[in-house]
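The structure appears below as structure tokens.
The values are calculated or read from the model by the stated rules, or taken from the named source; none is laboratory data. It should be emphasised that the depicted structure is a prediction, and the values quoted were computed from it without experimental measurement. With ideal geometry, Cβ positions are generated from the backbone for all residues, glycine too; neighbour counts draw on all protein chains shown.
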Amino acid sequence: MEHQTHYTKVSVALVGGGTIAPLHAEYLLSSPTCSLSAIIDPFPPGKDLATKIGVPYFDSVQSLLSSEIQSPDAYIICVPSSLHVQVSTDVITHGRPKAILIEKPFCTDSNAGEQLIELAKSKSCRILVGHHRRFHPSIVAAREAIGDGKLGKITAITGTWIAKKPDTYYSSAQWRSLRSAGGGPIWTNFIHDIDVLHYLTGSRVKRIWAVSAVRHRENNSTLPADLVEEGASIMLQFANGVVGTFIVSDYVPSPFGWEAATGDNPLYPPAPVAVDSYRIFGTQGTLTEPDGVLWTYDAAEVSRLGLEEGWNVPIRRDALHVGDGIPFQQQVEHLARVIRQGENPRCSEEDGLAAVKVCEAVITALEAGDGTPVDIHF
Ligand SMILES: NC(=O)c1ccc[n+]([C@@H]2O[C@H](COP(=O)([O-])OP(=O)(O)OC[C@H]3O[C@@H](n4cnc5c(N)ncnc54)[C@H](O)[C@@H]3O)[C@@H](O)[C@H]2O)c1
């Protein structure tokens with residue numbers, strides 16, 4: 001007889017019911033291993049979402065804990081970025097969950113993030129960071145190809161996150177315009193890219209150089225000193241010697257950014273043709289992602305032509321085999337396995353902190369505005 005183990009579902013509360021929350025809610029509600037026990041948000045969006053999808057609503061963690069609802073096993077923290085540490089601290093201290101999944105950025109101040117890591121350890125709470133791209137099938141396939149040596153040794157990377165955010169993106173939530181609140185394309189978008197590049201290169205950025213792009217968007221709503229950047233040009237040096245460049249802009253119509261290149265967030269439609277946002281260069285080939293194209297020299301062709309391997313040989317184009325899977329859905333299932341089966345977080349608090357430190361360094365460089373390198377200590 002087939003042996004079956006029946007578990008009760010991992011109960012998860014969402015803290016913050018704004019823009020990204022419905023996506024987490026969708027995959028919690030349809031999950032075979034997790035359930036959505038409540039939405040916590042002191043402001044109207046969370047209450048509206050809870051009413052819409054029919055789950056219990058609370059205005060604070062404390063009010064959930066003093067209700068009849070069972071204390072959740074886990075929380076997903078999707079509040080404005082600069083509140084991640086404060087809200088996570090509150091949740092860990094009072095809710096005593098087994099794990100929390102903190103949306104990216106893990107924190108907006110690495111010192112506060114380090115204290116949160118200590119607190120979580122002392123309370124035996126696992127931390128996962130919501131860099132969901134690690135679950136994207138194209139990134140899974142890229143990791144495998146790199147691990148199999150298809151690129152040889154990685155020497156360099158280049159990437160872009162270029163898209164146009166509508167003006168209401170900024171006017172609808174004030175924190176998005178404030179650097180100190182974790183707004184802007186470095187904290188909001190590039191942080192994902194840097195995590196992907198850490199994941200793919202197997203190394204961390206140790207030094208950056210960065211300058212701001214000229215601002216074209218009108219925004220008089222805040223103090224210029226704290227106003228978020230519109231874009232930047234960034235040079236990267238990784239601890240393992242890989243070098244890279246990256247362009248960021250959120251005021252240019254373009255498919256050359258993760259969301260348009262993948263369509264993995266239903267809010268942002270995919271480009272009509274496959275495009276790349278990362279190029280990874282190695283001694284044996286080049287890989288573009290997330291379109292999954294591998295460029296190499298075919299050894300048989302090299303020998304048939306009787307040539308030395310190099311640019312005289314026609315370069316070969318192969319598509320990587322990419323599996324299925326919806327990153328936000330996979331991330332929720334992974335959260336359950338971290339709790340139930342002790343699986344290690346695919347994106348740990350240390351990974352999240354490493355990406356934060358790169359963003360902090362980029363902001364420092366943008367504020368200096370003189371191209372001076374900034375070192376990152378991890
Ligand atoms: N993984 C991704 O691709 C992705 C995409 C979008 C946003 N995010 C991240 O998710 C977080 C939220 O972003 P958003 O765009 O949904 O923001 P948002 O402003 O749309 O929503 C934030 C919600 O948090 C609520 N809130 C504020 N203070 C709170 C508190 N103390 N306790 C509970 N709730 C509180 C607000 O009322 C609001 O409903 C950000 O850190 C952002 O970087 C991640």
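From Val79, Val15, Val87, Val61, which residue is near the ligand (Cβ under 10 Å from one of its atoms), within 22 Å of Ala120 (Cβ to Cβ), of a type outside the set (Ser, Thr, Tyr) and more than 22 Å from the chain's Cα centre (by Cα)?
Val61
Condition first: in contact (Cβ under 8 Å) with a residue 60 or more places away in the chain and assigned to a helix (DSSP H, G or I). Now tell me which residues in region 27-48 satisfy that.
Tyr27, Leu28, listed by residue number.
Would you tally the residues in region 194-247 being closer than 17 Å to Lys164 by Cα, small (Gly, Ala, Ser) and surrounded by 18 or more Cβ atoms within 10 Å (Cβ to Cβ)?
3
Suppose we filter Phe246, Phe256 for residues that are of a type in the set (Phe, Trp, Tyr), part of a loop (DSSP other than H, G, I, E, B) and touching a strand residue (DSSP E or B) at 6+ places or on another chain (Cβ under 7 Å); which single one remains?
Just a single option satisfies the conditions, and that option is Phe256.
Quick check, is Val273 at pLDDT 95 or above, surrounded by fewer than 18 Cβ atoms within 10 Å (Cβ to Cβ) and within 28 Å of Ser203 (Cα to Cα)?
No.
Scan region 111-123 and give yes if some residue there is surrounded by fewer than 21 Cβ atoms within 10 Å (Cβ to Cβ), without any contact (Cβ under 8 Å) to a residue 24 or more places away in the chain and of a type in the set (Ser, Thr, Tyr), otherwise no.
Yes, because at least one residue in region 111-123 is surrounded by fewer than 21 Cβ atoms within 10 Å (Cβ to Cβ), without any contact (Cβ under 8 Å) to a residue 24 or more places away in the chain and of a type in the set (Ser, Thr, Tyr).
Could you figure out which of (1) touching a helix residue (DSSP H, G or I) at 6+ places or on another chain (Cβ under 8 Å); (2) within 12 Å of the ligand (Cβ to nearest atom); (3) not acidic (Asp, Glu) isn't true of Gly159?
Gly159 satisfies every listed condition except (2).
Consider Leu36 carefully, then state whether it is within 11 Å of the ligand (Cβ to nearest atom) and either within 26 Å of the chain's Cα centre (by Cα) or modelled with pLDDT under 95 (or both).
Against the criterion (within 11 Å of the ligand (Cβ to nearest atom) and either within 26 Å of the chain's Cα centre (by Cα) or modelled with pLDDT under 95 (or both)), Leu36 does not qualify.
Just one of the numbered conditions (1) within 14 Å of the ligand (Cβ to nearest atom); (2) crowded, with 23+ Cβ neighbours inside 10 Å is not true of Ala74; which one?
(1)
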